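A short worksheet on the structure shown next.
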Protein chains: 2
Amino acid sequence: MSGTNTRSRGRPRLFDEDAVLDELTELFWRKGYSQTSMADLVEASGVHKSSLYSTFGTKEELFAKILRRYFAGRMDMMSALVDRAGPGVDGIHAFLELLRSDLVSDSSQYGCLLVNTSSELCGSAPGFEGFGVEFRKALRERLRALIRQAEPDGIADQRVTDQRTDLFMTFMLGLNLTVRGGADENEIGRVIDAMNATVDTWR
Amino acid sequence: MSGTNTRSRGRPRLFDEDAVLDELTELFWRKGYSQTSMADLVEASGVHKSSLYSTFGTKEELFAKILRRYFAGRMDMMSALVDRAGPGVDGIHAFLELLRSDLVSDSSQYGCLLVNTSSELCGSAPGFEGFGVEFRKALRERLRALIRQAEPDGIADQRVTDQRTDLFMTFMLGLNLTVRGGADENEIGRVIDAMNATVDTWR
DNA sequence: ACATTTTACTACCGATCGTTAGTTAATGGT
DNA sequence: ACCATTAACTAACGATCGGTAGTAAAATGT
């Protein structure tokens, strides 16, 4: 407003909040919620425990914040993949190719944090289920749009689209477990090729 | 050998080991390894903590025993489903129908313990990864046999079989997450129908 | 009857869990 | 200079964690 940044009043933070959240996300992503202790988070971030609490609240609140943040980023990424993929059956192939490129990168070797968390905590911490449910719903919407574009105009059959979307979603979930299970580049490639072969029957 | 049961020497157990293992399995299955405490196991089984330790060893050892036991039972069940399914593409449909019957029952609402465990602990307790890896390998073998029988003799293409097996395995893993995510009978049915439609293209 | 073996049961261990009070340090506002 | 505000940092809290002595009880063997 007045030309310069309005600094906050008290002592300034020694750490960058976003950078720390990234590091904490990586930990939760790899080890899961209950296997990640506050001591682990302190060690990974270099931020003192009390500072973590005063900044992010309790472990539950911190994890909820991390899940929301991850949700937004993950959906942005997925949407970007769908957008870049383009229309038609070739669009689905392109999407799978973009997905492959991402999955073989180091940053995605733990699968999807939201899916993992949903599976880890659905039987014990019902509060976190919602994130996974919401995410799957949102992702399903995007994938459905991608698949719908692969059907020729005028012949689009809603039930066929839904069925293919169900299969594709289930495939994505299975792929998540495959990646988290430690699959290497070859295995990921094979699985995606298998889906490509199925998608080819959609022409 | 001598006509009567050879009783053990000391004070007899007040609990049935198999029944207790069943109860403990259910707990681990639902809540996962790290969210299940020894106190939980004591409460669920009614067996005192020291008795659990003297009978099954540490929590890690107990869990390993439970995983081995579950492994055997799960593979028996899967093999039975494959055997009952019969040959041909209709055999795969039959397999999926048997699978559906099982998944809507209460006992399977938590997915597969081995798959869940593999996902939960692969980033923190590397000792338990092996069970899931072995199980997926064994299951894959069975499914491959089922799928191979669906290809007409003489035309069987090994690469096609492998590709369909990859897709089917990925589907099974995704279905596992779908079930554990709390899917109801309808959603499970829709997902299985979607796979059925794909299998129909294999004729 | 007595010793041996195995289990049931109580009580407790040190370590780690998530969490918080209390103090020192660094900034902006007046 | 002084105050208000915010954060860094230390030190500890009670609870729970997995795990284990030590003792009482119930069976078999001789």
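The values are calculated or read from the model by the stated rules, or taken from the named source; none is laboratory data. No experiment lies behind these values; they were computed from the predicted model shown. Here the Cβ is made from the backbone with ideal geometry for all residues, glycine too, and neighbour counts use every protein chain on show.
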Checking B:Val104 against (1) within 12 Å of DNA strand C (Cβ to nearest atom); (2) surrounded by 11 or more Cβ atoms within 10 Å (Cβ to Cβ); (3) at pLDDT below 95, which test does it fail? (1)
Hits in segment A:138-186 - residues which are assigned to a helix (DSSP H, G or I), of a type in the set (Asp, Glu) and touching a helix residue (DSSP H, G or I) at 6+ places or on another chain (Cβ under 7 Å): A:Asp166
Looking at segment A:139-149, is at least one residue without any contact (Cβ under 8 Å) to a residue 24 or more places away in the chain, out of contact with any strand residue (DSSP E or B) (no Cβ under 8 Å at 6 or more places or on another chain) and within 14 Å of chain B (Cβ to nearest Cβ)? yes
Would you check if A:Thr58 is within 11 Å of DNA strand C (Cβ to nearest atom), under 25 Å from A:Asn176 (Cβ atoms) and polar (S, T, N, Q)? no
Given A:Leu52, A:Leu24, A:Leu81, A:Leu67, which one is within 30 Å of A:Glu151 (Cα to Cα) and either among the acidic types (Asp, Glu) or buried (at least 17 other Cβ atoms within 10 Å of the Cβ) (or both)? A:Leu81
Consider segment A:41-59. How many of its residues are assigned to a helix (DSSP H, G or I) and either over 19 Å from A:Leu14 (Cα atoms) or among the hydroxyl-bearing types (Ser, Thr, Tyr) (or both)? 7
Can you spot a residue in segment B:185-192 that is more than 8 Å from chain A (Cβ to nearest Cβ), loosely packed, with under 14 Cβ neighbours inside 10 Å and modelled with pLDDT of 95 or more? yes
Would you say B:Ala44 is of a type in the set (A, V, I, L, M, F, W, C), within 12 Å of DNA strand C (Cβ to nearest atom) and within 14 Å of chain A (Cβ to nearest Cβ)? no
Enumerate the pairs (first residue in segment B:71-87 and on the phi > 0 side of the Ramachandran plot; second residue anywhere and part of a helix (DSSP H, G or I)) with beta-carbon separation below 7 Å, excluding pairs fewer than 6 apart on the same chain, so at least 6 apart or on different chains. B:Gly86/B:Ala94
Residue selected from segment B:98-137 under the condition assigned to a helix (DSSP H, G or I) and more than 17 Å from the chain's Cα centre (by Cα), by the criterion nearest to A:Glu187 (Cα to Cα): B:Pro126
Among the residues of segment A:21-39, how many are away from DNA strand D (no atom under 13 Å from the Cβ) and of a type in the set (Gly, Ala, Ser)? 1
Hey, among B:Leu99, B:Leu177, which residue is touching a residue at least 12 places away in the same chain (Cβ under 8 Å), within 11 Å of chain A (Cβ to nearest Cβ) and buried (at least 18 other Cβ atoms within 10 Å of the Cβ)? B:Leu177
How many residues does segment B:45-54 contain that are more than 11 Å from DNA strand D (Cβ to nearest atom) and of a type in the set (Ser, Thr, Tyr)? 1
Pick from segment B:19-41, criterion in contact (Cβ under 8 Å) with a residue 60 or more places away in the chain and of a type outside the set (D, E, K, R), ranking: farthest from the other protein chains (Cβ to nearest Cβ): B:Thr25
Mind telling me which of the residues A:Val82, A:Val89, A:Val104, A:Val42 ends up being within 16 Å of DNA strand D (Cβ to nearest atom) and among the hydrophobic types (A, V, I, L, M, F, W, C)? A:Val42
